[in-house]
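The values are calculated or read from the model by the stated rules, or taken from the named source; none is laboratory data. These numbers come from a predicted model, not from an experiment. Cβ coordinates were reconstructed from backbone atoms using ideal geometry, including for glycine residues, and neighbour counts include every protein chain displayed. The area values use the complete protein model at the heavy-atom level, side chains included, leaving out ligands, DNA and RNA. Shrake-Rupley method; radii C 1.70, N 1.55, O 1.52, S 1.80 Å.
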Protein chains: 2
Amino acid sequence: MARRHLTPQDWSTAALRAMARGGVAAVSVNALAGELEATRGSFYWHFKDRDALLKAALEAWERDDTTALIEELGDITDPRQRLTALFTIALGQEDINGLEPAIVAHADHPAVAPVLRRVTERRIAYLTDLYTDLGLAPASARRQAVATYAAFLGWLELRRSARDIVPEVAATGAIATAALEHLITGLARPSMHQAEPEQSAPPSPMAAPAREPETGQH
Amino acid sequence: MARRHLTPQDWSTAALRAMARGGVAAVSVNALAGELEATRGSFYWHFKDRDALLKAALEAWERDDTTALIEELGDITDPRQRLTALFTIALGQEDINGLEPAIVAHADHPAVAPVLRRVTERRIAYLTDLYTDLGLAPASARRQAVATYAAFLGWLELRRSARDIVPEVAATGAIATAALEHLITGLARPSMHQAEPEQSAPPSPMAAPAREPETGQH
DNA sequence: GAACGACCATACAGTACTGTACGGACATGG
DNA sequence: CCATGTCCGTACAGTACTGTATGGTCGTTC
């Protein structure tokens, strides 16, 4: 209220929120104008058309949730700490709940496809490098990165669609990180199927949260 | 062509295909009629309205991809074999690629929510029972089930959106099962995921509102 | 062979959205 | 004071979809 002028960012984030709820089709200029308490006249001042809004919104998502995140992690030298920090941030309270599942679900949309492709490539490449830095052989690092990223995506899906059924996924920060660490440690181990020459990742525990969350009653 | 009469099933599967491509909004009677080379007159003979189609299609999905699957697995007595069979079927060639991500992405839709809730509950409960049969303690079985299901969902997401970037996810049958077995075997070892407290404080304390409901409902 | 019911095509109003045209408010600076 | 640029509201055509009404086309049945 009492907000005199809308910025393109306002429309952009509103578009992402709408997309998280109802997919690309829910990003309607009409609906967003109503939500922002403005009219379509304002929108068409800031954007050429609806496609331009979609493009801008998705590129903002790419910038905030991938590019900026990776840059932020560049300061940390220890790969182990970097991994933990990555998960802590990525599994932290989402800015917009359900956005990633919505974007993936519309992977074929012309406005989504190129951005999603860049994001997926970059994230998996980053994860692969990270596991390589942790001492895994290239093939293992790659496999590990894919599996970890799949688990992460599924985690977000459950958080979006089954928060009440699977309350575990609502956890943020260290607790959520600890939960997914299981996946990581499990996968980091060379399997019996394809034994690979590598000094197996230390079975030492991953960084644990301050309070152990679940080592209690069984 | 040369197909004289359309059945409700024809409309139903066409609806699921459309949903897999473009979400709920893509399920338009107009578009489906064009795809089936019919007119909307035919549709409104078989269905009361569009909502009835959505409901029928989603219930068919529930029946085919959850209820029937679990029944099919009932024959197998050995839990280990049952788990492998489950993954082999679930990761097999999808009938409709990208359907699950699309459904999850519209979890709030009134036609989707109840079905998705039932499916998620049932699948996780089945997985939990299965891991319990494999000898895991209740809390571990539950945690294992959630992690496995998350990895499965993410796997499907990657298969939908990143087949070219991550060709691993295109694998079906035994190969895909072997890939995900890493998750299973890694996690199934009870001795491995013992997390001892470490000094490394998490970068951001992060309010952790979610209690650990680990004791499970039994 | 006529009547009936299942199935489908066509035509119509109603709705929600997009994009554009245009005009108004409002501040700033010469 | 008014001139200009920024930002927004309103009005209008165009499009795509839904739901209904209505009539047509078959095969079946007695």
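Side notes on the structure shown:
- For segment A:47-122, trypsin sites (Lys or Arg not before Pro) meeting the loop criterion (DSSP other than H, G, I, E, B) and having at most 10 other Cβ atoms within 10 Å: A:48.
- Separation in nanometres of the label points that stand 7 Å from Cα toward Cβ, at residue B:68 and residue A:40: 4.4 nm
- Partner chain coverage, peptide B:95-105 - average Cβ within 10 angstrom: 5
- For the residues of A:167-176, the average number of beta carbons from a partner chain within 10 Å of their own beta carbon is 6.
- Protein accessible area in segment A:1-76, 1.4 Å probe - carbon and sulfur %: 52 percent
- Å² of accessible area per residue within segment B:43-164, as computed with a 1.4 Å probe and no ligands counted: 40 Å²
- Under the criterion of Cα pairs below 8 Å and six or more residues apart, the relative contact order for segment B:60-188 equals 31 percent.
- Once B binds A, the 1.4 Å probe can no longer reach about 5600 Å² of accessible area, counting both sides.
- Applying the criteria of a DSSP loop state and at most 16 other Cβ atoms within 10 Å to the chymotrypsin sites (Phe, Trp or Tyr not before Pro) of segment B:9-79 yields no site.
- Other protein chain C-beta atoms within 10 Å of residue C-beta, averaged over A:116-125: 3.
- Cα convex hull of segment A:66-183 - mean projected area over all directions, nm²: 7.4 nm²
- The GluC sites (Glu not before Pro) of segment A:1-107 meeting both criteria, a DSSP state outside H, G, I, E and B (loop) and at most 15 other C-beta atoms within 10 angstrom of the site's C-beta, are A:37.
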